[in-house]
Amino acid sequence: MLPNILTLSRIAFIPIIIACFYISTSFSMYSAFVVFVVACITDFLDGYFARLYKQMSNFGKCFDPIADKLLVASLIVLLTGFQYVEGYNMIAAIIILFREVLVSGMREFLVEIKVPLPVSNLAKIKTTVQMLSLSIILFAIACKSVVLLDISVVMLWVAAGLTIITGYQYFEKGIKHLDLE
């Protein structure tokens, strides 16, 4: 099914992006940007085609958010490891990673007790802002634009803010089902 292939392609793009960072030429960084943007587009297209062709599957429901998190987390680790995002801006990166792990763990637990935790519209916006800010960071690195990098890091902070809000919303929904006694 096309939606599942698109989801898996997002995961398959990660090693290519990693290789681009290690090659570390202007061309390779432009390539990382293009591959990341294509991967982000597959995130939209897999859901679109799944709904259009009525090909929604448990595989897609499971792996679509995993592919998103792997893609975003991998790039954040690369950006901080290669010191493109550094200093206090690493806090935004840590916030994003922390929320993704927290929500994933909560989702896994809630599924076991048959409590759905559907993706909210704000969480979809959060993912879009994350991917957009990371795309612009990659483009800024490729074209060596300090100004664009500064702007994109501000967008990363906006994504971190949305990440906190959506993380809290999910936590608030999920905490009701935990046995805290």
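The values are calculated or read from the model by the stated rules, or taken from the named source; none is laboratory data. Not measured: the values here are computed from a predicted model. Heads up, the Cβs are rebuilt from the backbone with ideal geometry, glycines too, and the neighbour counts pull from every protein chain shown. These accessible areas exclude ligands, DNA and RNA; they are computed on the full protein's heavy atoms, side chains included. Shrake-Rupley method; radii C 1.70, N 1.55, O 1.52, S 1.80 Å.
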The range 58-72 - phi-based ³J(HN,Hα) in whole Hz, Karplus 6.51/-1.76/1.60, Gly and Pro as x
5, 4, x, 4, 7, 8, 4, x, 5, 4, 4, 5, 4, 5, 5
Whole-Hz Karplus ³J(HN,Hα) for the range 41-51, in order, using 6.51 cos²θ - 1.76 cosθ + 1.60 and θ = phi - 60°, x for Gly and Pro?
5, 5, 5, 5, 5, 5, x, 4, 5, 4, 6
Rh (Kirkwood, all Cα-Cα pairs) for the chain, Å, reads 17.0 Å
Among Thr166, Ser9, Ala32, whose Cα sits farthest toward the positive end of the charge dipole of the chain (+1 at Cβ of Lys/Arg, -1 at Cβ of Asp/Glu, about the Cα centre)?
Ser9
Once you charge only the Cβ atoms, +1 for Lys and Arg and -1 for Asp and Glu, what is the size of the charge dipole of the chain about its Cα centre, to the nearest 20 debye?
400 debye
At a Cα cut-off below 13 Å, give the aspartates and glutamates reachable from Lys54, other chains included and same-chain residues fewer than 8 away excluded.
Asp46
Net charge of neighbours whose Cβ lies under 12 Å from the Cβ of Ala123, counting Lys and Arg as +1 and Asp and Glu as -1:
+4
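What is the percent carbon and sulfur in the accessible area of the chain, measuring with a 1.4 Å probe over the protein chains and ignoring ligands?
72 percent
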In the structure shown, do any of Lys69/Lys126; Lys61/Lys114; Lys124/Lys144 have a Cα-Cα gap over 22 Å, and if so which?
Lys124/Lys144
Taking +1 at the Cβ of each Lys and Arg and -1 at the Cβ of each Asp and Glu, which of Asn58, Leu102, Leu134 sits farthest along the dipole of the range 1-156 towards its positive end, judged by Cα position relative to the Cα centre?
Asn58
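Provide the gained length on full extension for the span Val101 to Tyr53, in nm with one decimal, where the gain is 0.36 nm per separating residue minus the Cα-Cα distance. Write down the numbers at each step before the final one.
Details: separation 48, 0.36 × 48 = 17.28 nm, distance 3.13 nm.
Length gained, Val101 through Tyr53: 14.2 nm.
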Computed over the range 72-181, protein heavy atoms only, probe 1.4 angstrom, the accessible area per residue in square angstrom equals 56 Å²
Any chance you could tell me what percent of the C-alpha pair distances in the range 116-181 go past 14 Å?
62 percent
